[in-house]
Amino acid sequence: MSRTVWSILAILALAFAVITGLAVRRGILGSGQQTAAIGGPFHLVDQKGAPADASLLKHKWSAVFFGFTYCPEACPTTLLALGQTEKLLGPKADDFQTVFVSVDPGRDTPKVMANYLSNSAFPRRAIGLTGTPEQVAGIAKAYHVFYQKAGDGPDYQVNHSTITYLMSPTGDFVCVIPYGETPQQMAGQIASAMQQGPHAQSCTV
């Protein structure tokens, strides 16, 4: 399939997630429907090789981002921005974490994820998640994330959605943070949600 078709599919997946986020913000989807809309149970392993499930989202505000360690631009750009966001949150950062979910389970082993996330410019409180292809497909479906292998050989790429999901300490979806937001914008949205409390349904003041 052509690169143009994959680009169209990625745009459609992004549009769906953004529309869902706007629906939640405007009350079209109530708080009881948010979990069904975005998020859900999953079973993966973290960068230490320990089992991880949706309970890791509890008690923390979580920026959930899907990517892969061989990603040339979107992933490092987003993680660098989240690293700065963490600093801008100040003391509130103690209640915040970044969850980086690999969409390339064939290459992203826990060890590879650990090495990648050890970058000092990335968030200090980052959790890397990977698993079997089936497990990754399951969480991607729950979060309405598009991803597709592109190319052959060891240097293949993975086309994927580039948005970040903010999840509340109850494990529920709060809002979509679009790709390309500055650390200042990210910090403002996250701080706004924090101000509303654990049952926040938007990232606006």
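The values are calculated or read from the model by the stated rules, or taken from the named source; none is laboratory data. In this text the structure is predicted, and so the values were computed from the model without any measurement. Counting neighbours? That spans all protein chains shown, and the Cβs are built from the backbone with ideal geometry, glycine included. The area values use the complete protein model at the heavy-atom level, side chains included, leaving out ligands, DNA and RNA. Shrake-Rupley method; radii C 1.70, N 1.55, O 1.52, S 1.80 Å.
Details
- If you go through the stretch 75-98 and keep only what is small (G, A, S), surrounded by fewer than 19 Cβ atoms within 10 Å (Cβ to Cβ) and under 14 Å from the mean Cα position of the chain (by Cα), you end up with nothing.
- From the options V145, V158, V174, V136, residue that is part of a loop (DSSP other than H, G, I, E, B) and either open to solvent by less than 40 Å² (accessible area, probe 1.4 Å) or of a type in the set (S, T, N, Q) (or both): V145
- Of the residues making up the stretch 66-92, those that are within 13 Å of D104 (Cα to Cα) and of a type outside the set (V, I, T) are F66, G67, F68, Y70, C71, C75.
- Residue match in the stretch 86-95 (condition: farther than 15 Å from T69 by Cα and in a loop (DSSP other than H, G, I, E, B)): yes
- Restricting the stretch 19-44 to residues that are open to solvent by less than 40 Å² (accessible area, probe 1.4 Å) and at pLDDT 50 or above, the residue that is nearest to L129 (Cα to Cα): L44
- Residues of the stretch 82-129 satisfying the condition of being touching a residue at least 60 places away in the same chain (Cβ under 8 Å), of a type in the set (G, A, S) and touching a helix residue (DSSP H, G or I) at 6+ places or on another chain (Cβ under 6 Å): G128
- Residue check: S120 meets all listed conditions (1) modelled with pLDDT of 95 or more; (2) of a type outside the set (D, E, K, R); (3) buried (at least 18 other Cβ atoms within 10 Å of the Cβ) but one, namely (3).
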